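Written below as structure tokens is the structure these notes are about.
The values are calculated or read from the model by the stated rules, or taken from the named source; none is laboratory data. For clarity, every value in this text was computed on a predicted model and none was experimentally measured. Glycine gets a Cβ as well: all are built from the backbone with ideal geometry, and neighbour counts include every protein chain shown.
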Amino acid sequence: MSYDPTAADTTAATAEEPPTLPTDRHTGCPFDPPAELTALSDQPLRRMRYADGHLGWLATGHAAARAILADPRFSSRYELMHLPVPIAGMSQELPPAPVGDLTGLDAPEHTRYRRLLTGKFTVRRMRQLTERVEGLTTECLDAMEQAGPTADLVEAFAQPVPALMICELLGVPYADRERFQSQVATVFDQTAEAEAKGEAYTALLQYLNELVLAKRAEPTDDLLSDLTTSDLTDEELAGIGGLLLAAGLDTTANMLGLGTFALLSNPDQLQTLRADPGLAEQTVEELLRYLSVADPIPRAALEDVEVAGQLVRAGETVTVSVQAANRDPHRFPDPDRLDIHRKATGHLAFGHGAHQCLGQQLARVEMTVAFPALFARFPTLRLAVPPQEVPLRERSNIYGVISLPVTWDEE
Amino acid sequence: MSDPRQPLRLSADRDRCAGAGMCALTAPEVFDQDDEEGLVVLLHPVPAPEHQAAARMAVGLCPAGAIALDSPDSTAP
């Protein structure tokens, strides 16, 4: 079973049959949600048909999405959920979260893990990394400039900057990157078969497990070593480490790649940012809203809950479409416009509720440093291919560009 | 609803806090996070007038509903 790009077209909503989740983003502007999804956004919460036939819900309205994500009556436990889109080879019944994967847990198990981590990712601690992020960014830009004047921005910049930073923070040797970078991509790839995803995850955990043992034997100055002093087991530590590594590698990288593509495609906005680098922070917020790369977020109702005038019954799955919620015109006027002067704060790109992204302050620091540095270094940066030829990660839990060929004028 | 003449009183519930840091990011003069657990620390329960708008925004942004605005007359929790 492979991905059929026309599948979304054959499932158009009728009065009788609820729609499935539209996933075909490649219908026009690469930054916009699927047109079929936008067409469903006239109702903030509506019925949706799941991969296994389950009749659940789709939330596209900002207020409804926010209410669901904030409400502990909606569970994050995978084993209670139905898959919004099929994964080849995956059984109808989802397994519970693997050990250490706190994204698939509820309180109090989730709280126990999260409390061990929140102190490591505070606003203050992440801001203290600014200088280090600047240093890593400069190194990547130097290498890109020397190898240029053409480059794949993903390989030269978008991937290595956050990868170097998360490796350093966790205490994962960057030189081992080939052992985990592709595994992480496979875990998030919706077109990968369940077996391949399982193998990739096992390989990632095995790597982390070896690392945890090494840190226990010889602690170094990093987060994984710090956590060995907690009451976490080796298995829990490897699971948490794998989650943090995966999240750190594949989210900001896609924001940097896709965000650069978006800014190059909106030259007026890029010009505004170049003229006033003080706009970097709000540009980052607007890019987070506009691109919403981590999507969707599923939840399962533990009891009957009324949301947006609808009664969600216990046991039903709700798919929260972050990209649709962040384009809700009731919350963000003229939502399809990238506008770096907009007050985009309040977007749901990092989720909402008790599971809101743990690493969001690191992501903010990385992007706030990286975007202005890139455009300052290469004042003539532009795409090296027509925009429609930029390959997109069309079916991944983390959206982005696969590569971004760029060029610039030499001094 | 907001009356600028009424003093704004804030409360923070560290048991509910998810440590996401939205308050410390949005209103750093009013909120902080402790270094150990990263949970909310209320620096100024009654923020100065110039920090009230940011404090209100932080209350609205908190993902865990851990910070609240208390009206002085209110008996609500």
ask   = From the list A:PHE188, A:PHE180, which one is crowded, with 20+ Cβ neighbours inside 10 Å, modelled with pLDDT under 90 and in contact with a strand residue (DSSP E or B) (Cβ under 7 Å, 6 or more places away or on another chain)?
value = A:PHE188
remark   = Selection over segment B:11-33 where residues are facing another protein chain (nearest Cβ under 7 Å), part of a loop (DSSP other than H, G, I, E, B) and touching a strand residue (DSSP E or B) at 6+ places or on another chain (Cβ under 7 Å) yields a count of 2
remark   = Of those in segment A:313-369 that are outside any loop (DSSP other than H, G, I, E, B) and among the hydroxyl-bearing types (Ser, Thr, Tyr), the residue farthest from the other protein chains (Cβ to nearest Cβ) is A:THR317
remark   = Those helices (runs of 4 or more DSSP H) completely within segment A:109-174 that have 1 or more residues that are away from chain B (no Cβ under 14 Å) and surrounded by fewer than 19 Cβ atoms within 10 Å (Cβ to Cβ) are A:109-118, A:130-147, A:160-170
The lone exception for A:ALA300 - which of (1) over 17 Å from the mean Cα position of the chain (by Cα); (2) among the small types (Gly, Ala, Ser); (3) surrounded by 24 or more Cβ atoms within 10 Å (Cβ to Cβ) it fails = (3)
ask   = Restricting attention to segment A:128-137, does a residue exist that is modelled with pLDDT of 95 or more, closer than 26 Å to A:GLY56 by Cα and charged (D, E, K, R)?
value = no
ask   = Taking the condition in contact (Cβ under 8 Å) with a residue 40 or more places away in the chain and either under 22 Å from A:HIS62 (Cα atoms) or not hydrophobic (A, V, I, L, M, F, W, C) (or both), does A:GLU236 pass?
value = yes
request  = Could you run through segment A:341-377 and say how many residues are over 22 Å from B:ALA58 (Cβ atoms) and of a type in the set (A, V, I, L, M, F, W, C)?
outcome  = 7
key: Cross-chain or 6+ apart pairs with Cβ under 9 Å, segment A:48-77 first and within 14 Å of chain B (Cβ to nearest Cβ), then aromatic (Phe, Trp, Tyr)   = A:HIS62/A:PHE332; A:ILE68/A:TRP57; A:ILE68/A:PHE74
